[in-house]
Amino acid sequence: MSGTEATVRAGWPALGLAAVLACAAGPPPPATLRVGTSGDYAPFSQAGDRAPAGFDVEVARAFARDVGLELEWVRFRWPELARDVAAARFDVAMSGVTVRPERSVAGRFGVPVASSGAVVLARPAHAAGGLEGLDRATVRIAVNAGGHLEHSARAAFPRASLRVLPENDAVRRALAQGDVDVIVTDTREAPHWHPSLPDAVLLGPFTRDRKAYLWATEASQAEAMDAWLLAREADGTLARLRARWLGAPGPPTATPLEALIAASAERLDLMPLVAEAKRAAGRPVRDRSREARVLETAWSDVQRQAEAARAPPPDRARVADFYRAQIEAAVAVQERVLAGPATPGPRFDLDRELRPALLRLGDRMAWALVRLDRVPERRALATALDAELERFGLRPSHREAWVEALLGWAQSRARARANSPAITGSSSDAP
């Protein structure tokens, strides 16, 4: 490991963003941030003659400029992304990476930076029957290998003739040349492909996804960028970059509430893997002693994050309410999975792989929670949570528990700030 790599892994992030910015003006040479990029996924990452371009590339450059880092671009292939993250071939993958559970096991996602959904571009003769009509053995569907879209295509069209192509642009060419009837892409990439496929009909979206940066290195680096992203969302920088590269600013995603909801949804996405690991090991869904330890760990995480952010001391009862709501929702998802036959897909070890991932997510939730001072009114909050929880098959009572916990937390923060007038906010959120 080079000296600059050692600095970026162990030095600047541990100081917090404000200290990083102060140190960036000093005499030491800049550290290097190694950014993984696929170079094949417009509008997030496109290989250029001299350097990559795209939304995520511009975000990386802006972050590096603000905190005084050099950038090193490391190319990856989608089928190897999880392995590359686990092996720390780079510090962070920034290439339109969709949040997926197996990737959550491999590394640590940051706050969401964009949303998307899987769609198809179909020849007119095949589009007449809608998405449902595509799931037939006679329909030839192409998709890029190894990424989120391959998983989505296999889940949505299990009976179709699926062609998995190793190069992303080969998917577009396959439809243009008549080699397939349908291709799978997403709401961000489709506008770049559609002009060269003028007769294709767009159908969907049929998934609801988030894009975030996937970190291979320690959490303090990710937290430094997450704090920077919150600041850049607040000052309009991310909206301007989305408008330039993604076609429209879209709703803000790098906010404390969205970060918290995203981390909670990511945790629930891991529950089918947890359930299958427990099924294989013959373990029960509920373990009251472990649930108690989860609550104790959550309290420690929130206290530590509040101290680091120089935020008012948290209310322990409100912290417990929020994490209990997470536990009950997780149990419900596991019970639903175990009520049916074993689900296909990768298998992970409960103690060596899944629980460490859950601990990382718990700490991420704590990071977002201490920055969450305000939430929407009850009805708007319930609507926002419904959009997340419906795909997990959870009951309205689970949503209500989350709503009550978040409203109670916001009220407790308002009281704490009123009683701590000297505390004006988190130093790590300063640009």
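The values are calculated or read from the model by the stated rules, or taken from the named source; none is laboratory data. Because the structure is a prediction, the values reported are computed rather than measured. Using ideal geometry, Cβ is built from the backbone for each residue, glycine included, and neighbour counts are taken over all protein chains shown.
Brief remarks follow.
- Some residue of segment 325-336 being modelled with pLDDT under 95, assigned by TED's automatic domain parsing to the domain that holds residue 282, small (Gly, Ala, Ser) and outside any loop (DSSP other than H, G, I, E, B): no
- The listed residues are 273, 372, and the only one of them that is assigned to a helix (DSSP H, G or I) and either aromatic (Phe, Trp, Tyr) or in contact with a helix residue (DSSP H, G or I) (Cβ under 9 Å, 6 or more places away or on another chain) (or both) turns out to be 273.
- The residues on offer are 175, 238, and the sole one that is modelled with pLDDT of 95 or more, over 27 Å from residue 390 (Cα atoms) and touching an Asp or Glu at 6+ places or on another chain (Cβ under 9 Å) is 175.
- Only one entry of 197, 230, 214 meets the criterion of being under 30 Å from residue 179 (Cβ atoms), in contact (Cβ under 8 Å) with a residue 40 or more places away in the chain and of a type in the set (A, V, I, L, M), and that entry is 197.
- Cβ pairs under 9 Å, 6+ apart, first in segment 278-294 and in the same structural domain as residue 333 (by TED's automatic domain parsing) and touching a residue at least 12 places away in the same chain (Cβ under 8 Å), second aliphatic (A, V, I, L, M) and not in a helix (DSSP H, G or I): 278/285; 279/342; 280/342
- Unique match (being without any contact (Cβ under 8 Å) to a residue 60 or more places away in the chain and within 21 Å of the chain's Cα centre (by Cα)) among 249, 272: 249
- Scanning segment 82-99 for residues that are charged (D, E, K, R), buried (at least 21 other Cβ atoms within 10 Å of the Cβ), under 21 Å from residue 271 (Cβ atoms) and touching a helix residue (DSSP H, G or I) at 6+ places or on another chain (Cβ under 7 Å) turns up nothing.
- Test for residue 69: is it crowded, with 18+ Cβ neighbours inside 10 Å, assigned by TED's automatic domain parsing to the domain that holds residue 215, under 23 Å from residue 224 (Cα atoms) and in contact with a Pro (Cβ under 7 Å, 6 or more places away or on another chain): yes
- Where helices (runs of 4 or more DSSP H) sit wholly within segment 127-219, those with at least 1 residues that are loosely packed, with under 14 Cβ neighbours inside 10 Å and not assigned by TED's automatic domain parsing to the domain that holds residue 364 occupy 148-156, 168-176.
- Close pairs (8 angstrom Cβ cut-off, 6 or more residues apart or separate chains): over 12 Å from residue 214 (Cβ atoms) in segment 74-91, among the β-branched types (Val, Ile, Thr) and buried (at least 19 other Cβ atoms within 10 Å of the Cβ) anywhere: 74/35; 74/37; 75/37
- Scanning segment 408-421 for residues that are modelled with pLDDT under 85 and either under 15 Å from residue 306 (Cα atoms) or surrounded by 14 or more Cβ atoms within 10 Å (Cβ to Cβ) (or both) returns 417, 420.
- Unique match (being assigned by TED's automatic domain parsing to the domain that holds residue 367, small (Gly, Ala, Ser) and on the phi < 0 side of the Ramachandran plot) among 239, 262: 262
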